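Engineer: Have a look at the structure that comes next, please.
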Amino acid sequence: MRILSIIFLLTVISLTANAKVKVIATYPYIKSIVKEIAKDKVDVSSLSNGKWDPHFVPPRPSLVVKLRNADLLIINGAQLEIGWLPPLIDRANNGKILPGKIGFLDLSTLFDLIQKPQVVSRAFGDVHPQGNPHFYLDPVKISKIAEAITERLCVVDKGNCEFYMDNLKSFKEKWQIKLNEWSEKMKNLKGTFVFEYHRIFDYFFLRYGVNIVGTLEPFPGIPPTTSHLLELIDFAKKHKISFITYAIYNPKNPVQFISKKTGIKPVLLPHDVNSLPQVKDIFFLFNEIVGRLIK
Amino acid sequence: MKKYIIAILLLFNFYVYSQDYISYTPSQFTNPFAQPQFVPNISLIADFSYVSRDIRDETYESLEIPAFLHQLIHKHGEHKHAPMNANRGFNLNYAELSLESAVDPYINLMGIFHITEGAFEIEELYFTTRSLPYNIQVKGGKFLSSIGRINSQHQHYWDFVDIPLIYKVLFGDEGLSEKGVQLTWIAPAPFYLLMGTELFQGENEYSFGYESIENNGKIIFYKAPVPNLYTAFVKTSYDIGNLTFLGGFSYLSGKTRFNHLEDQEEPHAFGGNTKIYGFDIFAKYFIDSYKYISFQGEYFYRNLDGFIYKNMNLSNLEKRQGGFYIQTIYRFSQRWRLGFRYDLLNKNEVNGEKITEDLDRYSLMIDFTPSEWTRIRFQYNYDRSKFIEDERKEINEFILEINFAIGAHGAHKF
């Protein structure tokens, strides 16, 4: 009986205390953009902490609690969340945030994705049938993402639409200044060759004309094998490779192995907001990526 | 003669065909009624094993766990469920075919079919509601009950090849799977709090049953009113940093009918009530994206109270039985996991009299997953829970299991 009355109390508290719109983002970069647009007019939180592999966020029951109360769920999409999000949505039983509802926004639908496979088969590893889902690492795409988020916030929370529009405008202005700065800094890297661990920074490198000539994974999602690493080393002897980039959750041994054999500089790049302590928001994310590459 | 007929037929065929070809161009061939986009998510899981055991297969089949199981491999009349890893050497354990899709904006439908060499069974076939108000979900059909922790998980998601002993003796090799309905609700608390209740037909032949039992035309136990089994459960979860804790209570109550009148040895029948209480805990510490350490344990207690019919006599029978398992898993790299499990049936009383001392089993497993869809697992069991002719038989068992998944298989819950 006591338990029931506590639950009742909690219900009342949770229903009355929080009239703000609740937004749930699957990744911290989305949360950061929502914050830029909505400031403190909405409650926003992220399901992933930024340090984890975005493909394998541990599905914890606490995430169901977040989804249960959400008014708007914003996902990256293109099957980046396929391995962990669907059962959480199913368990949350929240009709507002189901695909197709106004409370569900899939950012991948905004763009034409690169590397869309001609043939979808797991003989080629953990392929994404809709194409490479890490589009947000192209900083130019961030403005469009911010627009889409603003548009949706205006539908879910009409009263604050003007406020959101104003913030979008000033965000885009600030962002344009940063874009100019980053493309200026990245100029010197145009035409260079890099290896990466997984095809995650492709959109970024494509934007600045950096060529990805090899991945440490033989196939997407399949850990590096010795024979594949030897092939890469062989290739590196014939071509000048500037960096091996990897994300914080990638195992370091294969990266160090190649680096030791070839002298190529390994560079740890933040793949999301909060992946490193200094990457506090979406501005810091690209500042840090660019900073680490041109150092 | 025959040759000519064939020749004429072939010519005619060619004539018709060439006529068609002249009349149409391939670009005009359409199939306006095809609906390939509506194919549900289909997946197939295959499970094979190689078993080595220091006991002959015939002996293994007839092993028993006193007051729990008469025969390790249960044979009730016609029905003989093909068990996993029953034979020494190679085993084709099962293929699991699953189909899943939204029916309409309101309902999802899931079908899971368990296929063995001799049988095609509906393991689960259920609907769930998609968006009822107040975060309520209704599930109906035939499905694995949500009691306990691993009961609702399929074999390929377990951390060990075989089901824990306490599950095997209370619910059988597949756990409690029944026809009925379920209602679950996620309470609006700041932490995870799920409450649920289920109403089932109550056919599980290890703890429940409702059919009347007759002997030579005389009714000994009347048919129990159906639906016969109801359950209730509460689950809650908290996070402390990278540590997730999940705990639950379960309660089951139903009528029981066991008909063993056809048995060769000591024919008997039982009719009465059964209550089962369960408690489960689970803790998982995420070291990084791939590595974790988890701890899991479940305890069940069963009270079976009623009458036993033996040698034309009815007498009181009350069983108080309980047991648990605890296990720990260490995923030490993206592809490798190591696990240890301890099983114990620590309470086994019939009419207040202790039947067996502690029945225990120790399991060690190591598995390798080259990709998300292949798993190769090695497991060693040292089993002290089985008896033959009232004598305890210690069994050593090595199992090499290989499991594959193809197609669109949904992600798993926590």
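The values are calculated or read from the model by the stated rules, or taken from the named source; none is laboratory data. Everything numeric in this text was worked out from a predicted model, so none of it was measured. Reconstructed Cβ throughout: ideal geometry from the backbone, glycine too, with neighbour counts over all protein chains shown. Heavy atoms of the whole protein, side chains included, go into the accessibility calculation; ligands, DNA and RNA do not. Shrake-Rupley method; radii C 1.70, N 1.55, O 1.52, S 1.80 Å.
Engineer: What FRET efficiency comes out for B:Trp336 versus B:Leu314 if R0 is 51 angstrom and r is the Cβ-Cβ distance? Round to the nearest 0.05.
Structural biologist: So, using R0 = 51 Å, E works out to roughly 0.35.
Engineer: In nanometres, what is the gap between the two model label sites at B:Arg392 and B:Ser62, each 7 Å from Cα along Cα-to-Cβ?
Structural biologist: Result for the modelled spin labels: 2.3 nm.
Engineer: Right, another one. Mind checking which lysines have their C-alpha under 27 Å from A:Lys237, skipping anything on the same chain fewer than 8 residues away?
Structural biologist: A:Lys187, A:Lys190, A:Lys252, A:Lys260, A:Lys261, A:Lys265, A:Lys295
Engineer: In Å², rounded to the nearest 100, what is the total accessible surface buried by chains A and B against each other with a 1.4 Å probe?
Structural biologist: Values: alone 14960 and 23040 Å², together 34510 Å².
Chains A and B together bury roughly 3500 Å² of accessible area.
Engineer: Still on this structure: Calculate what fraction, in whole %, of the accessible area of segment B:147-279 sits on carbon and sulfur atoms when a 1.4 Å probe is rolled over the protein chains.
Structural biologist: 57
Engineer: For segment A:181-294, which semi-axes, largest first and in whole Å, follow from the square roots of 5 times the eigenvalues of its Cα gyration tensor?
Structural biologist: Taking √(5λ) for each Cα gyration eigenvalue gives 23, 17, 11 Å.
Engineer: How much of the accessible area of segment A:181-294, probe 1.4 Å, is carbon plus sulfur, in whole percent?
Structural biologist: The nonpolar share, carbon plus sulfur, comes to 55 percent.
Engineer: Next question, about the same structure. To the nearest Å, what is the center-to-center distance of segment A:144-172 and segment B:329-353, using C-alpha atoms only?
Structural biologist: 53
Engineer: Please work out the FRET efficiency for the pair A:Asp43 and A:Asp112, using the Cβ-Cβ distance as r and a Förster radius of 25 Å; give the result to the nearest 0.05.
Structural biologist: Values: r = 33 Å, r/R0 = 1.31.
So the FRET efficiency works out to roughly 0.15.
Engineer: In segment A:60-96, which residues become less accessible by 50 Å² or more once every protein chain is in place, relative to the chain on its own, using a 1.4 Å probe?
Structural biologist: A:Arg60, A:Pro61, A:Val65, A:Arg68, A:Pro87, A:Asp90, A:Arg91, A:Asn93
Engineer: Short version: ³J(HN,Hα) in whole Hz for each residue of segment B:164-181, in order, from phi by Karplus 6.51 cos²θ - 1.76 cosθ + 1.60 (θ = phi - 60°), x for Gly and Pro, what are they?
Structural biologist: Computed from phi, the couplings for segment B:164-181 are x, 3, 5, 5, 4, 6, 8, 10, x, 5, 9, x, 8, 10, 9, 8, x, 10 Hz.
Engineer: With an 8 Å cut-off on Cα pairs and a minimum separation of 6 or more residues, tell me the relative contact order of segment A:181-294 in percent.
Structural biologist: Once divided by the residue count of segment A:181-294, the mean separation gives 24 percent.
Engineer: Keeping all protein chains in place, calculate the accessible area per residue for the protein assembly as shown (probe 1.4 angstrom), answer in Å².
Structural biologist: 49
Engineer: Which positions within segment B:376-414 get 50 Å² or more of their accessible surface covered by the other protein chains, compared to the chain by itself, with a 1.4 angstrom probe?
Structural biologist: B:Ala411, B:Lys413, B:Phe414
Engineer: Pop a pseudo-label 7 angstrom from the Cα along the beta-carbon direction at both B:Ile293 and A:Lys295 and give the gap in nm to one decimal.
Structural biologist: Here the modelled spin labels are 3.2 nm apart.
Engineer: Within chain B, what's the longest stretch lacking GluC sites (Glu not before Pro) that sit in DSSP loops with no more than 11 other Cβ atoms inside 10 Å? Mind dumping the intermediate values first?
Structural biologist: Values: sites that count: B:Glu78, B:Glu117, B:Glu262, B:Glu265, B:Glu357, B:Glu389.
Here the longest run is B:118-261.
Engineer: Right, another one. Could you check how many percent of all C-alpha pairs in the protein assembly as shown are farther apart than 35 Å?
Structural biologist: 54
Engineer: While we're looking at this one, here's another question. Taking loop as defined by DSSP and a crowding limit of 10 other beta carbons within 10 Å, which trypsin sites (Lys or Arg not before Pro) in segment A:231-289 fit? Spell out each step's value before the answer.
Structural biologist: Numbers: sites: A:Lys237, A:Lys238, A:Lys240, A:Lys252, A:Lys260, A:Lys261, A:Lys280; in loops: A:Lys240, A:Lys252, A:Lys280.
Counting only loop positions with at most 10 other Cβ atoms within 10 Å, the trypsin sites (Lys or Arg not before Pro) in segment A:231-289 are A:Lys240.
Engineer: Checking buried surface per residue: for segment B:183-213, which residues lose a minimum of 40 Å² accessible area in the protein assembly relative to the chain alone (1.4 Å probe)?
Structural biologist: B:Ile186, B:Pro188, B:Tyr192
Engineer: Related question: Report Rg/Rh for segment B:153-205, rounded to two decimals, where Rg is the Cα radius of gyration and Rh the Kirkwood radius. Don't skip to the answer; put the middle values down first.
Structural biologist: Numbers: Rg = 14.3 Å, Rh = 13.4 Å.
Ratio of gyration radius to Kirkwood radius: 1.07.
Engineer: OK, next. Given a Förster distance of 25 angstrom, what is the FRET efficiency for A:Val120 paired with A:Glu231, based on the Cβ-Cβ distance and rounded to 0.05?
Structural biologist: Here the calculated transfer efficiency is 0.50.
Engineer: Over 35 Å apart: what share of the alpha carbon pairs of chain B falls there, rounded to a whole percent? Mind dumping the intermediate values first?
Structural biologist: Numbers: 31416 of 85491 pairs.
Summing the P(r) tail past 35 Å for chain B gives 37 percent.
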